[in-house]
Amino acid sequence: MRLRKEAQRQENPEHPSLPDAAEHDMNTGYGVIILGTGPAGLTAAIYAARANLAPLVIDGNEPGGQLTLTTEVENFPGFPDAVMGPDLMDKMRAQAEKFGATFQSGQVTAVDLSQRPFQVTIDDGHTAYSAKSLIISTGASAKMLGVPGETDMVGHGISTCATCDGFFYREKPIITVGGGDSAMEEAIFLTRFASEVTIVHRRNQLRASKVMQDRARKNPKIRWVMNVTPIAVLSERGQVTGLEVEDNATHQKRSLPAEGIFVAIGHQPNTGFLNGQLDVDELGYVRTAGVTSQTNVPGVFACGDVMDRRYRQAVTAAGSGCKAAMDCEKFLEAFD
Ligand code: NAP
C-alpha cells in the first residue's frame with residue numbers, strides 16, 4: 001500500500017490555526033478521502049477541510065461534475081445574475097483548497113470496505129490510499145437510449161452534452177430526446193446553433209418543470225414529437241442522419257431526420273467501483289440512513305447525486321455534502 005504525501009498542505013496565512021501537515025499516518029492513512037468533485041464532494045471538502053480533517057479529494061473522471069457540462073446556472077442561491085457552471089465549480093474547489101483540502105486527479109476503480117482503514121484504488125491499481133472514513137460523492141452519468149446504432153455514433157452525431165457539442169451543428173437539424181428539465185434546457189440551448197430542434201419524448205406529458213416547459217414551448221425553433229419510442233439511430237457513412245421512432249398509439253414507425261441527436265433522458269449513479277459493498281436501492285442509488293449521510297458501512301458516507309434519486313440539484317447536492325462532512329467529523333471524533 002502506497003501512502004502519498006500529496007495531502008501535505010501549505011500553511012494558509014489567512015488561517016494560521018490550521019495544521020500545516022497532512023493528517024494521515026502510515027498505518028491508518030487519511031482521516032477522510034472524498035471521492036468525486038461535483039457540488040457534493042467539493043462542499044464536503046470545504047467543510048471537512050475547515051474542520052481540520054485535511055481531506056484528500058479524488059477528482060474522478062469528470063472533475064467538477066455535471067455542472068462543468070452546463071452553461072448558466074440560474075438557480076444556485078447567491079447568484080441573481082446566474083453563474084456559469086464551470087466557474088461555480090472552480091470557485092468551490094478554490095474554497096476547499098484555501099482551507100487545506102488536497103486534490104488528486106484520477107478515477108476510483110475499486111474500494112475495499114471490508115475493514116478499516118478502508119482501501120481506495122485509483123486508475124486501475126496504479127495508486128492506492130487508505131483512510132479511516134470515506135465520503136462517496138461520485139455523482140451520476142448520462143443514460144443512453146440503448147437502441148441499435150447509438151453506441152457506434154457517440155461522438156459522430158450522438159451526444160449527451162449540448163454545451164460541449166452544440167457548436168458543431170450550426171444550421172443543422174437536431175433532435176433532443178427526453179421530457180425532463182435537462183431535455184428542455186438542452187433543446188433551448190441548441191436553438192442557438194441548429195436550424196431547428198425536435199424534442200422527442202416517449203409520453204404525451206412532459207416531466208420538466210413548468211417554467212422550463214414554457215420556455216421551450218415559446219421557442220419558435222423547437223418542434224415536438226410526443227408519445228413515441230426511439231427504436232434506432234440512423235446513419236450513413238459514419239454520420240448520424242436521423243432517429244427511427246415508433247408511435248406508441250398507432251405503432252407506426254417513421255424516421256425523423258437529424259444530423260445530431262442529444263440524449264437527455266436522465267442519469268444513473270456512478271457506483272460500479274463499489275462492487276456491491278454498499279447497500280443501494282433498486283435504481284442503484286446508495287442508501288443512507290434517515291436524514292443522515294451514513295451508509296450501511298460505519299465510516300462510509302454518501303452525498304449528492306450518487307444517493308439522491310429525487311432532487312438532484314446543485315444546491316441539494318451541496319447541502320448533502322455539508323451533511324456528509326459533519327457526519328464524518330462526528331464519526332472520526334468517536335474513532336480517535
Ligand atoms: P429526469 O427528470 O429523470 O427526466 C428524464 C426524461 O427522460 C423523462 O422525461 C423520461 O421519460 C425520459 N426517459 C428516461 N428514460 C428514457 C428512455 N429509455 N427512452 C426515452 N426517454 C426516456 O432527468 P433530467 O431531465 O436529467 O433531470 C434530472 C434532475 O435535474 C431533475 O430533478 C431536474 O429538475 C434537474 N434539472 C434541473 C434543471 C434546471 O432547473 N434548470 C436543468 C436540468 C436538470 P418519462 O417522463 O416518461 O419518465
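The values are calculated or read from the model by the stated rules, or taken from the named source; none is laboratory data. Everything numeric here is computed off the predicted structure, so don't read it as measured data. Glycine also receives a Cβ, built like all others from the backbone with ideal geometry; neighbour counts cover every protein chain displayed. Areas reflect the complete protein model, heavy atoms only, side chains present, ligands, DNA and RNA absent. Shrake-Rupley method; radii C 1.70, N 1.55, O 1.52, S 1.80 Å.
Summary of computed values
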{"read-out": "Some residue of segment 318-336 being polar (S, T, N, Q) and touching a Leu at 6+ places or on another chain (Cβ under 8 Å)", "value": "no"}
{"read-out": "Segment 62-81 residues that are not assigned by TED's automatic domain parsing to the domain that holds ARG312 and aromatic (Phe, Trp, Tyr), paired with ones that are open to solvent by 70 Å² or more (accessible area, probe 1.4 Å) and in a loop (DSSP other than H, G, I, E, B) (beta carbon under 9 Å, 6 or more apart)", "value": "none"}
{"read-out": "Residue that is over 20 Å from ASN227 (Cα atoms) and without any contact (Cβ under 8 Å) to a residue 12 or more places away in the chain, where the choices are GLY155, GLY166", "value": "GLY155"}
{"read-out": "Close pairs (6 angstrom Cβ cut-off, 6 or more residues apart or separate chains): open to solvent by 10 Å² or more (accessible area, probe 1.4 Å) in segment 35-57, in a strand (DSSP E or B) anywhere", "value": "LEU53/GLY31; LEU53/VAL32"}
{"read-out": "Options PHE189, PHE118: the member that is surrounded by fewer than 22 Cβ atoms within 10 Å (Cβ to Cβ) and either touching a residue at least 24 places away in the same chain (Cβ under 8 Å) or in the same structural domain as CYS303 (by TED's automatic domain parsing) (or both)", "value": "PHE189"}
{"read-out": "Residue among THR176, THR160, THR138 that alone is in contact (Cβ under 8 Å) with a residue 40 or more places away in the chain, within 29 Å of GLN107 (Cα to Cα) and within 11 Å of the ligand (Cβ to nearest atom)", "value": "THR160"}
{"read-out": "Residue within segment 71-80 that is of a type in the set (Ser, Thr, Tyr), more than 18 Å from the chain's Cα centre (by Cα) and more than 23 Å from ARG309 (Cβ to Cβ) present", "value": "no"}
{"read-out": "Scope segment 179-193; condition part of a loop (DSSP other than H, G, I, E, B) and either over 19 Å from VAL233 (Cα atoms) or away from the ligand (no atom under 12 Å from the Cβ) (or both); matching residues", "value": "GLY180, THR191, ARG192, PHE193"}
{"read-out": "So THR250, is it open to solvent by 60 Å² or more (accessible area, probe 1.4 Å) and not basic (Lys, Arg)", "value": "yes"}
{"read-out": "Among (1) loosely packed, with under 13 Cβ neighbours inside 10 Å; (2) closer than 17 Å to HIS156 by Cβ, the one test that GLY290 misses", "value": "(2)"}
{"read-out": "Odd one out for THR292, checked against (1) of a type in the set (Val, Ile, Thr); (2) under 23 Å from GLN95 (Cβ atoms); (3) free of Cβ contacts under 8 Å to residues at least 60 places away in the same chain", "value": "(2)"}
